[in-house]
Amino acid sequence: MTDTTGNDVRLQPKQPKKKGLTRRQKRSLSRGIQYVVFVAAVIAFAVAADWDRLANQFAQEDIAEQMFPEVITLALKNTVLYTVSGFAVGLVLGMVIALMRLSSVGPYRWLAGVYIEIFRGLPALLIFIFIGVAVPLAFPGTEIPGGTYGKVALALGLVAAAYMAETIRAGIQAVPKGQMEAARSLGFSPARAMISIIIPQAFRIILPPLTNELVLLFKDSSLVLFLGVTLEERELSKFGRDLASQTANSTPILVAGLCYLLVTIPLGFVVRRMEAKAQEAVK
Amino acid sequence: MTEKTLGSRPEIEVRGLYKSFGDNEVLRGIDLEINQGEVVCVIGPSGSGKSTLLRCVNLLEEPTKGQVFVGGTELTDPDVDIDAVRRRIGMVFQQFNLFPHLTVTENLSLPQRRVLRRDKATAAKVAAENLERVGLSEKASAYPASLSGGQQQRVAIARALAMGPEVMLFDEPTSALDPELVGDVLAVMRMLANEGMTMMVVTHEMTFAREVADRVVFMDGGVIVEDGTPDQVIGSPQHERTRHFLSRLLDPAMAEVEEETSDQVGKGD
């Protein structure tokens, strides 16, 4: 704190003397109070919590050690695999739906709208159950290719597509109308103009929200456990829970949680970098 | 004025053209012919329909009624391959509309490769030639955002030229530019005119119209009011509306405040 509030009279000789604090002084006072309250709250929690019992339940070193290397080589790997495949399905499907939504053909627009409303409104959990139960019932004997991996990609993709379709549509609409006109006037067909000119620009705009969607999917991949998975197909959450019940200790949950953060925090950092870059490009 | 050998067949032909946006009738019966190699400047107050007319000539606006022919092909024929026709028509916009995610060279070569299916080397060669024509070879690898408005517009002209058009349409090409940058763009357009390009130019640049145009068309209220040589239309206008417009344009400070013109048509931009 290096401020010298009000002490230096020479700097403001003509300011009429006011009673009480200046705006600036009030502001630093209020800031100071906020800090004090925050620090007091942290200390209160730290003192009140029973650290020994917490450590006992959540931070058993030997249990944590047991989890390696499977937590990375199996669980984290599967989580990433589920997420990436779901994202890929969602991106393709979302692109198709976004283009349908922007189509001049009425029924396409309508269909896309219905899809978005349904899949945006349903919890991801229900869609997982639906894929796991209803699809085998409705089409007996058919197997979704890729087993659990295929099912997860489909379920996550169906959910993600609804959100991504809206994001992609917004991105396409954010590209100035003159871009399409310039492309058409050069002889591009509507489809070619969309692919070569509009969509590349739209993706620059929507890269940050799409990456956010990736983070959301990363967490939603934990719903895989409702499909019933083999040992080899377990991802972080299931892996952590299984081990937690085996050892009657919650340390695996904490480790699994840290593994999620290991991926989401760098991703969040990347998103912020991209947003900053996009801001710069607009200038 | 330099005498040019003008082809006899009209390169652009507009017959009985009407265009409405909802209830707003912007063009009300336009007939216009532009011969090969001719430079025609279209002038008129904002909202007179001149930009809409230009945009109808390459069908960026769909006419409500009437016919448009370019190089003998009817664009208003519902079965026409409009993309094929547009390859022969270059268009330059007020807002440049360069592709911001591509470099200057890519702006010129991507359309050639995607639309004309030229191979990479040919496209690059044509791009370089046309950049040189507009005097911007040194900006080949720059992105549009780093160029001045005048440079962007010259790149936009080069991009259109790289497609090898028979006709060039200019929609107020200097209206978005700072005054000191207008000259470079007009110089490029003058060069094109001297090379014999068929040009239709919507503009407020009276000096350019006077010196470069073979014909000047004055539009007001969605119709062509006057059509003749620059000396006729700008030098000694026959219609009161033309005189009124020119006096306001040439000496804006002297124009008296008056009631709104009866029908402000078109979406003035």
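The values are calculated or read from the model by the stated rules, or taken from the named source; none is laboratory data. Keep in mind that this is a model prediction, so the values were computed, not measured. Please note: Cβ atoms are built from the backbone with ideal geometry, for glycine as well, and neighbour counts cover all protein chains shown.
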Is at least one residue of the stretch B:89-98 polar (S, T, N, Q), more than 13 Å from chain A (Cβ to nearest Cβ) and either in contact with a Cys (Cβ under 8 Å, 6 or more places away or on another chain) or over 15 Å from B:GLU166 (Cβ atoms) (or both)?
-> no
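Only one of B:VAL182, B:VAL233, B:VAL217 is in contact with an Asp or Glu (Cβ under 8 Å, 6 or more places away or on another chain) and at pLDDT 95 or above; which? Break it down stepwise before answering.
On the way: B:VAL182 fails: at pLDDT 95 or above; B:VAL233 fails: at pLDDT 95 or above.
Just a single option satisfies the conditions, and that option is B:VAL217.
Condition first: within 12 Å of chain A (Cβ to nearest Cβ) and touching a residue at least 24 places away in the same chain (Cβ under 8 Å). Now tell me which residues in the stretch B:132-151 satisfy that.
Residues of the stretch B:132-151 that are within 12 Å of chain A (Cβ to nearest Cβ), as a first pass: B:143-146.
Those that are within 12 Å of chain A (Cβ to nearest Cβ) and touching a residue at least 24 places away in the same chain (Cβ under 8 Å): B:TYR143, B:PRO144, B:ALA145.
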Meets criteria (assigned to a helix (DSSP H, G or I), surrounded by fewer than 16 Cβ atoms within 10 Å (Cβ to Cβ) and under 22 Å from the mean Cα position of the chain (by Cα)) for B:GLU132 = yes
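Consider A:LEU262 carefully, then state whether it is more than 12 Å from the chain's Cα centre (by Cα), assigned to a helix (DSSP H, G or I), closer than 30 Å to A:ALA55 by Cα and free of Cβ contacts under 8 Å to residues at least 60 places away in the same chain.
So A:LEU262 fails the test.
Tell me, which helices (runs of 4 or more DSSP H) lie completely within the stretch B:44-118 with 1 or more residues that are in contact with an Asp or Glu (Cβ under 8 Å, 6 or more places away or on another chain) and in contact (Cβ under 8 Å) with a residue 12 or more places away in the chain? Spell out how you get there, then give the answer.
Working: elements: B:50-57, B:82-86, B:104-115.
Of the helices (runs of 4 or more DSSP H) lying wholly inside the stretch B:44-118, those with at least 1 residues that are in contact with an Asp or Glu (Cβ under 8 Å, 6 or more places away or on another chain) and in contact (Cβ under 8 Å) with a residue 12 or more places away in the chain span B:50-57, B:104-115.
Which helices (runs of 4 or more DSSP H) sit wholly inside the stretch A:159-254 and have at least 1 residues that are in contact (Cβ under 8 Å) with a residue 40 or more places away in the chain? So that I can check it myself, show each step before the final result.
Working: elements: A:177-185, A:190-193, A:199-220, A:236-247.
Counting at least 1 such residues, we get A:199-220, A:236-247.
Considering only residues that are more than 22 Å from B:ALA121 (Cα to Cα) and not in a loop (DSSP other than H, G, I, E, B), look in the stretch B:152-170 and name the one that is farthest from the other protein chains (Cβ to nearest Cβ).
Looking only at the stretch B:152-170, we keep the residues that are more than 22 Å from B:ALA121 (Cα to Cα), and these are B:152-154, B:166-170.
Filter once more, keeping what is not in a loop (DSSP other than H, G, I, E, B): B:152-154, B:167-170.
Details: B:GLN152: 12, B:GLN153: 12, B:ARG154: 15, B:VAL167: 12, B:MET168: 11, B:LEU169: 8, B:PHE170: 12 Å.
So, considering only residues that are more than 22 Å from B:ALA121 (Cα to Cα) and not in a loop (DSSP other than H, G, I, E, B), the one farthest from the other protein chains (Cβ to nearest Cβ) is B:ARG154.
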For the stretch A:160-176, state whether one or more residues are within 14 Å of chain B (Cβ to nearest Cβ), buried (at least 19 other Cβ atoms within 10 Å of the Cβ) and either of a type outside the set (Val, Ile, Thr) or on the phi > 0 side of the Ramachandran plot (or both).
-> yes
Give the residue that is surrounded by the fewest Cβ atoms within 10 Å (Cβ to Cβ), with candidates limited to residues of the stretch A:199-212 that are within 14 Å of chain B (Cβ to nearest Cβ) and touching a helix residue (DSSP H, G or I) at 6+ places or on another chain (Cβ under 6 Å).
-> A:LEU207
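Wholly within the stretch A:77-150, which helices (runs of 4 or more DSSP H) include no fewer than the required count, namely at least 3 residues that are touching a residue at least 40 places away in the same chain (Cβ under 8 Å)? Working first, answer last.
Values: elements: A:77-101, A:106-121, A:124-129, A:135-138.
Answer list for the stretch A:77-150: A:77-101, A:106-121, A:124-129.
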